[in-house]
Amino acid sequence: MTCAEFVDYWNHHLDERSRGDSTVPAEIHRHAELCEVCRSHARVFRVMELSWSPPMMPAGFVDRVLAAHERQAVVISFTDTSGVTAPPSQSYTVAVQSPTRFTVTAPGVINGTYTQVANTSVSNAVTGIIDTTNVIFVSISAHGAKVGQPVYLRFVNNGTTDGVYTVVSSTNANTFAVKTDNSFGTNGSCLMPRFLGTSGGGFTISRGTNATFTTPLPHGLNPGDGVYVNFSTSPPADGQYQVLTVPNPTNFTIVVPNSGNGSQNGQNIFPLIPPPLLRSGNISVQYGTFSIGATDNGNSFSLAQTPLNAPTVFNFFFPDYKYPGALSTAGLTTPEFQLTSDTTVADQMNFLQGGILGNANNTNGLSSFGTGGNNSTGSGTIVLDILPWMTPAYTSTTGGLSSLVDALNSLMCGGQLSASAKTYIINYANSLPAATTVGAMRDRVRAVVHLISNSPDYTVQR
Ligand SMILES: [Zn+2]
C-alpha cells in the first residue's frame, strides 16, 4: 500500500462512514505502523471521524437538481420567414424531445378550455334577460375580460368557429360565456390573444387623443385591426378601437376620445385578430455565454475578480496576506480576506442584486445578469430560475416563508444558515406585499435568495 492509497482510503472512509462501514482493514493498520507520516495523518482523520458529521444531502436533493437541469433556459432569437409575427427573442424554458429537438411555449396567448352547449339558459348580463340559446362557456385562468367586451377566441379542433365573440356573462375571474350560432355540443381547448399591461406594457397620450401603446411582447397587430383596450385608469374609456399605425412590433397607436395627456401602465389589450399560431423561420440559440457583467473592477457592480483571470500566480490572494485588526494581531495569515473590505462587501451585494432582482417585468421565475437573460435583446447570460418556489406553500406569511428559507438554506448553505439570519430574512420578506399575486410571490423569493446570498453563512461556508 502506498501513502497516497492510505490517504485515499481515509477520504472514502470519512465520506462513507455513515453507511455503516466502520471496520478499518488490516493493511491500513500495517501501513500506519510502518509509516510515521501516515500515522500522523491517521490521528487527524480519527479526530475528524469522532468530531465531525459529514454534510448530508437533503432529502430529494438529487432529484431536484436534475429537475432544475431539465428546466434549463436558453436564449432564442427568432427570424420569421412566413410573414407572421415572430415570437419574442428572449429566454425560454426548454422541454427536450430528442438530442436534436426541443420545444418551448410561445408567450402572448393565454389558453384554457371551453364547453359549447346547445339550448341552455344563461343570464345575459349585457341585455339583462335570461337567454335560452347556444352558449360557449370559456374557462381561462385570470382571463381579464369584462362583460360586454369583444374577445377573439380560437378553438382547437371540434368544429367551433374561430372569431370575435361578445362576452355576455362572467361569474368569476376564470370563466366567461359567449353566445354562438352553432347548435351542437362539443368541448376542447381554446386560445385567446391578450396582453396584460402589468407585465411591462403601458400607454402614452399626447395631444389629448393620440394614444401610443407599448406591449411587453410583439403584438402582431396591423393598421386597421380591431383591438379592445381595458384601460387601467379612465379616461380614456374602455372600448374597441381600430389600430391606426404600427411604428414597430411592440408599439401601436389608436385615437381615443379627448383625454388628458400623460403616461400610464397596466392596461389590458385584447387583439381582435387570430393569434399567430402557424409561423416559421430561423432561430439562433444561445445556451448561455455566462455573461455576468463587470466581474473585475470598474464600477459599483463588481466582484473584484474574474474566473481564470487572476493577476498573479498566487490567484487573487497573496499567500502571506494578513487581514488588519484582530486577525493580524493574532498572528493569523488570512489570504481569503484580501478580497474582502467594506467596499467589496457592498459591491458584492450590488452585483448579486443585478442578477437576482433585475428583470422586473416578467413573472416566469427567470432572472439574470445584464441584458439578454430575459430581455428581448442582448446575449445569453447565466439564468436563475426561481419558479419552483413561487407558490403559496413557499411564500405565504404563515409557514410558507419559513419553508422557503429552510429549502434555500439546504440548497445554498448546506443547512448552515444561523437561526438569527433566518429570522431577519423571514421578517424582511414578510414586510413585502402579501403573496397573493405571482409578482408578489416572485418578489418574496427573490428577496430571500438575495439576502441568503449576502449572509455571512453563505459567504463563508465551512
Ligand atoms: Zn504512508
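The values are calculated or read from the model by the stated rules, or taken from the named source; none is laboratory data. The structure presented is a predicted model; accordingly, all values stated were derived computationally and were not measured. Reconstructed Cβ throughout: ideal geometry from the backbone, glycine too, with neighbour counts over all protein chains shown.
Observations
- Screening ASP406, ASP385, ASP457, ASP443 for residues that are of a type outside the set (A, V, I, L, M) and touching a strand residue (DSSP E or B) at 6+ places or on another chain (Cβ under 6 Å) leaves exactly one candidate, ASP385.
- Being under 22 Å from GLY226 (Cβ atoms) and in contact with a His (Cβ under 8 Å, 6 or more places away or on another chain) is true of PHE176.
- Qualifying positions in region 250-282 - polar (S, T, N, Q) and surrounded by 13 or more Cβ atoms within 10 Å (Cβ to Cβ): THR250, ASN251, THR253, SER259, GLN264, ASN265, GLN267, ASN268
- Enumeration of residues in region 24-41 that are closer than 14 Å to LEU14 by Cα and near the ligand (Cβ under 9 Å from one of its atoms): HIS41
- Enumeration of residues in region 137-187 that are at positive phi and not hydrophobic (A, V, I, L, M, F, W, C): GLY144, GLY148, ASN157, ASN158, GLY159, GLY163
- Scanning region 140-156 for residues that are hydroxyl-bearing (Ser, Thr, Tyr) and outside any strand (DSSP E or B) returns a single hit, SER141.
- PRO235 falls short on exactly one of the conditions (1) buried (at least 16 other Cβ atoms within 10 Å of the Cβ); (2) at pLDDT below 90, and that condition is (1).
- Scanning region 183-213 for residues that are surrounded by fewer than 15 Cβ atoms within 10 Å (Cβ to Cβ) and in the same structural domain as ALA142 (by TED's automatic domain parsing) yields a total of 5.
- Residues satisfying the stated conditions in region 247-279, i.e. more than 24 Å from VAL147 (Cβ to Cβ), aliphatic (A, V, I, L, M) and within 30 Å of the chain's Cα centre (by Cα): LEU277, LEU278
- For region 125-144, the set of residues classified as surrounded by 18 or more Cβ atoms within 10 Å (Cβ to Cβ) and over 26 Å from the mean Cα position of the chain (by Cα) consists of ASN134, VAL135, ILE136, PHE137, VAL138, listed by residue number.
- Some residue of region 46-54 being at pLDDT 70 or above and within 16 Å of the ligand (Cβ to nearest atom): yes
- One residue alone among VAL96, VAL74, VAL65 is within 23 Å of PHE369 (Cβ to Cβ) and at pLDDT 65 or above, and that residue is VAL74.
- Those residues of region 157-182 which are within 33 Å of the chain's Cα centre (by Cα), surrounded by fewer than 13 Cβ atoms within 10 Å (Cβ to Cβ) and either part of a loop (DSSP other than H, G, I, E, B) or not assigned by TED's automatic domain parsing to the domain that holds ILE140 (or both), in sequence order: ASN157, ALA173
- All strands (runs of 3 or more DSSP E) inside region 186-238 with 3 or more residues being more than 21 Å from LEU153 (Cβ to Cβ): 202-206, 210-214
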